[in-house]
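Quick notes on the structure that follows.
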Amino acid sequence: MAGQVTSTGRTSELSNLQFALLMALPVLLFLVLVVAYPLGYALWMSFQQIVFFGGYRTNFVGLANYATMLGDDKFWWSIWVTVRFTVESVLLAMAIGLALALLLNRPMRRPGLIRTIIMLPWCVSLYGTGIMFSYLATGQTGFATAIAFFFGADRPVSFVNRQWVIEVLAIGNAWNMAPLVAFFLLANLKTIPTRLYDLAAIDRMSPLETFWNVTLPPLRFTLFVFTCITTVLSMKLFDFIFVLSGGGPGTASAVMTYQIYKISFRDLNLGYGAAQSFVLLFLIVGSTMTLYALWGRREAAR
Amino acid sequence: MQRRMTLWAWLGIAVAVVWTLLPIYWFLKMSLLTPDEIARFPPPLVPLDPTPAAYFNIFGFDYQVTPELVRRASGQAGQIINGLINSLIVSIVVTAITMLVVVPLAYVFARLDFRFKQALLITILLSVALPPVSTLIPFYALYVQLGLAGTRFGLIVVTLTITIPFVTWMLIGYLRNLPPVERLARVDGYTRLETLVFIVIPLARSGIAVAAVIAFLFAWNEYTYALVLVNGTPANTLATALSGFLFQHPEPSHLAAALVVSILPPVLVAYFLQRHIAEMNLVDPIR
């Protein structure tokens, strides 16, 4: 051991910053290459008109792509659909996640098996979830139809229609995200000392009061963080929606990611798509900042 | 809280299990139906005559139901097998590269203090927020010019932009909560690199295993990039092979069987994840 001290004495004098750079620099370079560079490139593209046919060409058009957006009804509609889908998904995912966590925190038989089952949806791919829910919710093959006929109905029950498609999407998305929320909340719940529940019982608190005063306080920061995470995940979600509804029926579920996909890779209008993708990125970052300002800052200071 | 399980708790667990398993059951059921049963309306709640034919068909085998009745192999079996192989290659390579890159990166962020740390951390968290559709636009333009569209290599590079930031974030939270071993290692004469390789990594192996599993899951479940970059090319993954089925609707039981095959690896790791996922602290790095 003593020999090692002398032989390695020189390198261990590296400062934290130097060591950090040595470890992280190659990686950060890679991240810059695969994240920052495409972002910059996309920003540049959003000022161009890009032509694929007859050879790849770009024409500088300044802010024209952004100006087009202002008068584009589909763009404004997609923002509204995204907001509605995101709010519903987040509320559902957080509520279901919390309920699952409280349930899993109780003593039970075969906890490993039950927890594995509860974990499953998060492991299933989003496109897989999309395929499953499309078959589950449409009239021809749906679960609701099977149940309705069991009770004597005579026509299919479908939820993939203009009125309900966003709710179907939000439920499917919540189905997929809730386990992640549940397992992190569960970890928090386990840290609450049993003694506190005994004290609450001595104080004759009702179950609701116990939940509000004993269970909830230590969960609050985690709840905030996962509200942010589920918001980001819902706003940037594409594959699930693409598979389940393809933005339809009509444009009923054309969220921003779907619009961007369609503009960029169907219409091959990459400049306009890039411009819209910056609006989406701005919305994502903006909503997490807003959540932090309104809620997170208070919780973090607690 | 050594309370007895009440009726309500039982009911709650029953509801949670049904909620979770219903979509999966509905599909599992569909993969076992005969073509007649699938065409039937209203859809049956249970397969009356379950047959594993679809699982043989999607891998290119005929299935003898009765001496007269043979269910023919799927015409897309080649795509499915090819997709399965590509998915495995891409996922394994992505996982390996991700772990090589992420462990030192997360270690540095979790255990050392240095200038610009906060700003760099925010950059990593921000890149988690990037929508895949936006990242795709520049990559697509670039790949078209470089001829990388439709290659596994191209897909691997793009997929790393999802796995690296997220897994780094998870591991930072995990590594922060390890006991403070660095000083002791220093006293024993280890350099920082040796500390990382010989002390921290063995100590953190369960967290690193969880991170690797999650990287694999993300790569395995990736669809958006594959749809645009490799769909319809020899580099197609299982996900895009499936969507080929979905949009052509030749045989729903084949789609269902292929989907069940695609969720097998995730189901196998669910038991492992439910025990360990909460060790990965997503909350700490933000606080």
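Has region B:148-168 got at least one residue that is more than 7 Å from chain A (Cβ to nearest Cβ), more than 25 Å from B:Leu238 (Cβ to Cβ) and in contact (Cβ under 8 Å) with a residue 40 or more places away in the chain?
yes
Could you tell me whether region A:170-179 includes any residue that is buried (at least 18 other Cβ atoms within 10 Å of the Cβ), out of contact with any Leu (no Cβ under 9 Å at 6 or more places or on another chain) and either closer than 30 Å to B:Gln274 by Cα or of a type outside the set (A, V, I, L, M) (or both)?
No: zero hits.
Please enumerate the residues belonging to region A:178-209 that are among the polar types (S, T, N, Q) and more than 9 Å from chain B (Cβ to nearest Cβ).
Result: A:Thr191, A:Ser206.
I'm trying to understand the selection: among the residues of region A:109-133, which are outside any helix (DSSP H, G or I) and either more than 8 Å from chain B (Cβ to nearest Cβ) or basic (Lys, Arg) (or both)?
Passing the criteria: A:Arg109, A:Arg110.
Within the set of pairs 6+ apart or on separate chains, which have a first residue in region B:220-239 that is within 13 Å of chain A (Cβ to nearest Cβ) and under 21 Å from B:Val260 (Cα atoms), a second that is charged (D, E, K, R) and assigned to a helix (DSSP H, G or I), and C-beta atoms under 8 Å apart?
Cβ pairs passing all conditions: B:Tyr223/A:Asp239; B:Thr224/A:Asp239; B:Leu227/A:Asp239.
Being at the interface with another protein chain (Cβ under 8 Å from one of its Cβ atoms), under 30 Å from B:Ala256 (Cα atoms) and of a type in the set (S, T, N, Q) narrows it down to one residue among A:Thr145, A:Thr82; which is it?
After ruling out the rest, the residue left standing is A:Thr145.
Please tell me if B:Ile80 is more than 10 Å from every other protein chain (Cβ to nearest Cβ), within 22 Å of B:Met30 (Cα to Cα) and not small (Gly, Ala, Ser).
The answer is yes for B:Ile80.
Could you check B:Leu84 against (1) under 24 Å from the mean Cα position of the chain (by Cα); (2) of a type in the set (A, V, I, L, M); (3) within 30 Å of A:Asp154 (Cα to Cα) and say which number it fails?
(3)
Consider region B:38-61. How many of its residues are buried (at least 17 other Cβ atoms within 10 Å of the Cβ) and over 32 Å from the mean Cα position of the chain (by Cα)?
1
Any idea which of B:Val90, B:Val18, B:Val70 is within 14 Å of chain A (Cβ to nearest Cβ), loosely packed, with under 13 Cβ neighbours inside 10 Å and of a type in the set (A, V, I, L, M)?
B:Val18
I'd like the full set of residues that are away from every other protein chain (no Cβ under 14 Å) and without any contact (Cβ under 8 Å) to a residue 40 or more places away in the chain, limited to region B:35-60.
If the condition is that a residue be away from every other protein chain (no Cβ under 14 Å) and without any contact (Cβ under 8 Å) to a residue 40 or more places away in the chain, then B:Asp36, B:Asp49, B:Pro50, B:Thr51, B:Pro52, B:Phe56, B:Phe59, B:Gly60 are the ones that fit.
Give, as residue ranges, the helices (runs of 4 or more DSSP H) completely inside region A:189-302 that count at least 3 residues that are closer than 15 Å to A:Ile79 by Cβ.
A:220-235, A:256-261, A:270-291
Across region B:170-190, which residue is farthest from the other protein chains (Cβ to nearest Cβ) among those that are of a type in the set (Val, Ile, Thr) and surrounded by fewer than 21 Cβ atoms within 10 Å (Cβ to Cβ)?
Among them, the one singled out is B:Val181.
Hey, among the residues in region B:16-34 that are touching a residue at least 12 places away in the same chain (Cβ under 8 Å) and of a type outside the set (Lys, Arg), which one's farthest from B:Val267 (Cα to Cα)?
Ranking the candidates gives B:Thr34 first.
Please go through region A:230-254 and give me each residue that is of a type in the set (A, V, I, L, M, F, W, C) and within 14 Å of the chain's Cα centre (by Cα), ordered by number.
Hits for region A:230-254 are A:Val232, A:Leu233, A:Met235, A:Leu237, A:Phe238, A:Phe240, A:Ile241.
Here are the criteria: (1) at pLDDT 80 or above; (2) buried (at least 17 other Cβ atoms within 10 Å of the Cβ); (3) more than 7 Å from chain B (Cβ to nearest Cβ). Tell me which single one A:Leu136 does not satisfy.
(3)
Specify the residue that is farthest from the other protein chains (Cβ to nearest Cβ); the eligible residues are those in region B:105-131 that are crowded, with 23+ Cβ neighbours inside 10 Å and in contact (Cβ under 8 Å) with a residue 60 or more places away in the chain.
Residue satisfying both the conditions and the ranking: B:Ala106.
Is there any pair with a first residue in region B:179-195 that is part of a loop (DSSP other than H, G, I, E, B) and a second that is crowded, with 17+ Cβ neighbours inside 10 Å and among the aliphatic types (A, V, I, L, M) whose Cβ atoms are under 6 Å apart and which are 6 or more apart or on different chains, and what are they?
What qualifies is B:Val181/B:Ile199.
In this structure, is B:Ile13 out of contact with any Gly (no Cβ under 7 Å at 6 or more places or on another chain) and in contact (Cβ under 8 Å) with a residue 40 or more places away in the chain?
When the stated conditions are applied, B:Ile13 does not pass them.
Test of understanding: among B:Ile214, B:Ile277, which residue is among the aliphatic types (A, V, I, L, M) and modelled with pLDDT of 90 or more?
B:Ile214
Confirm whether B:Arg205 is charged (D, E, K, R), assigned by TED's automatic domain parsing to the domain that holds B:Ile89 and touching a helix residue (DSSP H, G or I) at 6+ places or on another chain (Cβ under 7 Å).
Criteria not met by B:Arg205.
The values are calculated or read from the model by the stated rules, or taken from the named source; none is laboratory data. Fair warning: this is a prediction, and the values are worked out from it, not measured in the lab. Note: ideal-geometry Cβ built from the backbone for every residue, glycine included; neighbour counts use all protein chains shown.
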